[in-house]
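> Before we start, here is the structure in question, set down as structure tokens.
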Amino acid sequence: MMIGPHPAPAVAAAQAERSTTVQGVTVPGGAPPKVTASFPANGSSVPAGDLILKVVFDQPMTADAWSYGKVAGAAFPDCLERPRLLNDLRTFVLLCTVAPHTAYAIDINAPRDFANAHGRSANPTLLRFTTTDVGPRDMEDALQEAGLTAVDDPVMTWRDPGDGVSQSPPPGQTAEVDAKQTQTTQTQAKPAATPP
């Protein structure tokens, strides 16, 4: 039961924007992030082959919190393991390959892993698109179709120099371990000597 007048709408809106701490747990305030644009656009048709899946949110996001899910009855593209958060901190890009004449569906943020810079989960979004024939395409074509440039390369490694992306090695891996793995890989790549 509330005693006294209700807060004015402007006051109530300001209160909703603030984070609230309850017994050591912080509940982020403000509206949850939502998808404002994507490539392919929902319901569109795109050429088969290389595709850069682009998802744009309305607020800065966390680089290591994301989720692309399968949808029953639809195909799911073959994609790299991780997306890359671009320097605007709102756009995720993921390099994929799509087959010709196929209906695809991607459940963006189910389970709810995409989160803003304050940890608030994004609203889930369903993205559906179809493909046409394969055309002569390369990475540059895929970047242009998604409205991106060469600096928006979707391939990310832990050495990625871009702002907003992980620059530390994966958990449990150190620079020494990485150097040994690189040396081992280089050794394995050398052709074996042919016996006389």
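The values are calculated or read from the model by the stated rules, or taken from the named source; none is laboratory data. These numbers come from a predicted model, not from an experiment. Positions of Cβ are generated from backbone atoms using ideal geometry, with glycine treated the same way; all protein chains shown enter the neighbour counts.
> Could you list, in sequence order, all residues of segment 88-108 that are part of a loop (DSSP other than H, G, I, E, B) and within 15 Å of Ser67 (Cα to Cα)?
Arg90
> Within segment 109-126, which residues are within 16 Å of Pro83 (Cα to Cα) and in a strand (DSSP E or B)?
Once the filter is applied, which keeps residues that are within 16 Å of Pro83 (Cα to Cα) and in a strand (DSSP E or B), segment 109-126 yields Ala115, Asn116.
> Continuing with the same structure: Given (1) part of a strand (DSSP E or B); (2) farther than 25 Å from Val134 by Cβ; (3) at pLDDT below 95; (4) not aliphatic (A, V, I, L, M), identify the lone condition not met by Gly4.
Only one criterion in (1) part of a strand (DSSP E or B); (2) farther than 25 Å from Val134 by Cβ; (3) at pLDDT below 95; (4) not aliphatic (A, V, I, L, M) is unmet by Gly4, namely (1).
> Could you grab me the full set of residues in segment 67-87 that are free of Cβ contacts under 8 Å to residues at least 40 places away in the same chain and assigned to a loop (DSSP other than H, G, I, E, B)? Can you show your working first?
Of the residues in segment 67-87, the ones free of Cβ contacts under 8 Å to residues at least 40 places away in the same chain are 70, 72-73, 75-79, 81.
Matches in segment 67-87: Ala72, Gly73, Phe76, Pro77, Glu81.
> Answer yes if at least one residue in segment 112-122 is charged (D, E, K, R) and either surrounded by 19 or more Cβ atoms within 10 Å (Cβ to Cβ) or modelled with pLDDT of 85 or more (or both), and no otherwise.
Checking segment 112-122: at least one residue is charged (D, E, K, R) and either surrounded by 19 or more Cβ atoms within 10 Å (Cβ to Cβ) or modelled with pLDDT of 85 or more (or both).
> Residue by residue through segment 127-143, note down the ones that are surrounded by 12 or more Cβ atoms within 10 Å (Cβ to Cβ) and in a strand (DSSP E or B).
Of everything in segment 127-143, those that are surrounded by 12 or more Cβ atoms within 10 Å (Cβ to Cβ) and in a strand (DSSP E or B) turn out to be Leu127, Arg128, Phe129, Thr130, Thr131, Thr132, Val134.
> Of the residues Asp50, Asp64, which is in a strand (DSSP E or B), of a type in the set (Asp, Glu) and either touching a residue at least 12 places away in the same chain (Cβ under 8 Å) or at positive phi (or both)?
On the way: Asp64 fails: in a strand (DSSP E or B).
Going through Asp50, Asp64 in turn, the sole match is Asp50.
> How many residues does segment 78-100 contain that are over 19 Å from Asn116 (Cα atoms) and either surrounded by 19 or more Cβ atoms within 10 Å (Cβ to Cβ) or hydrophobic (A, V, I, L, M, F, W, C) (or both)?
Selection size over segment 78-100: 6.
> Could you identify the single residue in Arg137, Arg82, Arg90, Arg128 that is basic (Lys, Arg), under 17 Å from the mean Cα position of the chain (by Cα) and at pLDDT below 95?
Arg82
> Given the conditions (1) in contact with a Ser or Thr (Cβ under 6 Å, 6 or more places away or on another chain); (2) crowded, with 16+ Cβ neighbours inside 10 Å; (3) modelled with pLDDT under 95, which single one is not true for Tyr68?
(1)
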